[in-house]
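Input: a single structure, listed below in structure tokens.
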Amino acid sequence: KQTRSNMTKITVAKGDGIGPEIMDATLEIILAAGAEIETEEIEVGEKVYLTGNTSGIAPESWEVIQRNKIFLKAPITTPQGGGYKSLNVTTRKFLGLYSNVRPCMSLHPFVNTKHPVMDIVIVRENEEDLYAGIEHQQTDEVVQCLKLISRPGCEKIVRYAFEYAKQQNRKKVTCFTKDNIMKQTDGLFHQVFNEIAKEYPEIKNEHWIVDIGAAKVAGSPEEFDVLVMPNLYGDIISDIAAEITGSVGLGGSANIGEECAMFEAIHGTAPDIGGKNIANPSGLLQGAIMMLNHIGQTKVAEKIQNAWLATLEQGTHTSDIYTAGKSKTKVGTREFAKAVIANL
Ligand code: ATP
Ligand code: MG
């Protein structure tokens, strides 16, 4: 096959549960929109774990991911027990994906939500903090977990948040820490935030102590724009934020590193509805749109986003967001994809 020079090669993994059907729908939409990508598929997850491979991925697939650098991944099952390692965690660590970006947007009035004006993006540090995995037993009765925060780590993530805000034309970046208690670790994060914020005078900046900040996100998310925070707080607050948009099936996320990046839906494999053509492909589609923006195909990304919004506005809804009165047509995964393509 010939590769046109402007084609970006991406690695694709269809995953488990609803993974294959939402990936097929997503690829169909983005290719119909004219995304200049060529896909290379790898096998990961359940089938690979069941061969006795505890990492869920073959070494040669790992090479494909590293070679192509851009990875679009459907949800994957990690079997319980038996020393199986989560491929999500391994990928983040091995590829150095230091930044986890999760937009949380309400789609009022088309999708039910408690917060009609919510459009925030959480930028979570993804490698350090209490998740660095440095834990040990001190005595029979005392265990310890080390909170690791480095200046280079803070600089990378804070700069990423401001650059993202600039590129996406957003107005404010908010930092959450608990530096009134953890003066050194969270203190460093806050200090680096203040330093880097000065380089972006056109973007507003503010800092909240994470507890009151989290309460404000839950109560009045319309006050926030881009948020940046250490790993643990980011993990918790990004789930709360996704949940209160009213649409866990609609969210995508990006994991960004210096060289590689991985894009996905925020939900899991939903095995209860796998293979039934009823899953909502929107979360993975949102991940794919972030991917296209990341590789510079911003025009096509915008075109897909608009077609997707138009489809939701027309009331063409999958069953997870179907609401009597608001929705017009209940569709399956494939029919939803066709409707988005018709709107391109
Ligand atoms: P995993 O173990 O992989 O996390 P899970 O059982 O926790 O899988 P999730 O995907 O996290 O499942 O979602 C929980 C429930 O939300 C699912 O059982 C499903 O009913 C619903 N759900 C999740 N994603 C979607 C989607 N894209 N479309 C429709 N419903 C969804
Ligand atoms: Mg789950």
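Readers should treat all values here as calculations from the given coordinates under stated rules, not as data from a laboratory. Just so it is clear, the structure is predicted and the values come from calculations on it, not from any experiment. All Cβ positions, glycine included, derive from the backbone under ideal geometry; neighbour counts span all protein chains shown.
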Long-range neighbours under 7 Å by Cβ, at least six apart or interchain, first residue touching a residue at least 12 places away in the same chain (Cβ under 8 Å) and assigned to a loop (DSSP other than H, G, I, E, B) within region 64-80, second away from ligand 1 (no atom under 16 Å from the Cβ) and of a type in the set (Ser, Thr, Tyr): none
Evaluate region 40-51: report whether one residue or more is buried (at least 22 other Cβ atoms within 10 Å of the Cβ), over 28 Å from Leu344 (Cα atoms), among the aromatic types (Phe, Trp, Tyr) and more than 16 Å from ligand 2 (Cβ to nearest atom). yes
Does any residue of region 134-143 turn out to be surrounded by 14 or more Cβ atoms within 10 Å (Cβ to Cβ) and either over 30 Å from Thr298 (Cα atoms) or touching a Lys or Arg at 6+ places or on another chain (Cβ under 8 Å) (or both)? no
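Which of the residues spanning region 240-275 are free of Cβ contacts under 8 Å to residues at least 12 places away in the same chain and either closer than 24 Å to Val44 by Cα or within 11 Å of ligand 1 (Cβ to nearest atom) (or both)?
Residue satisfying the conditions is Asp272 alone.
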For region 91-130, what are the residues that are under 30 Å from Gly45 (Cα atoms) and touching a Pro at 6+ places or on another chain (Cβ under 9 Å)? Cys104, Val121, Ile122, Arg124, Glu125, Glu128, Asp129, Leu130
Of the conditions (1) within 16 Å of ligand 2 (Cβ to nearest atom); (2) in contact with a Ser or Thr (Cβ under 9 Å, 6 or more places away or on another chain); (3) within 28 Å of Gln168 (Cα to Cα), Asp320 fails just one. Which one is it? (3)
Every listed condition ((1) assigned to a helix (DSSP H, G or I); (2) under 12 Å from Arg124 (Cβ atoms); (3) away from ligand 2 (no atom under 16 Å from the Cβ)) holds for Glu222 save (2)
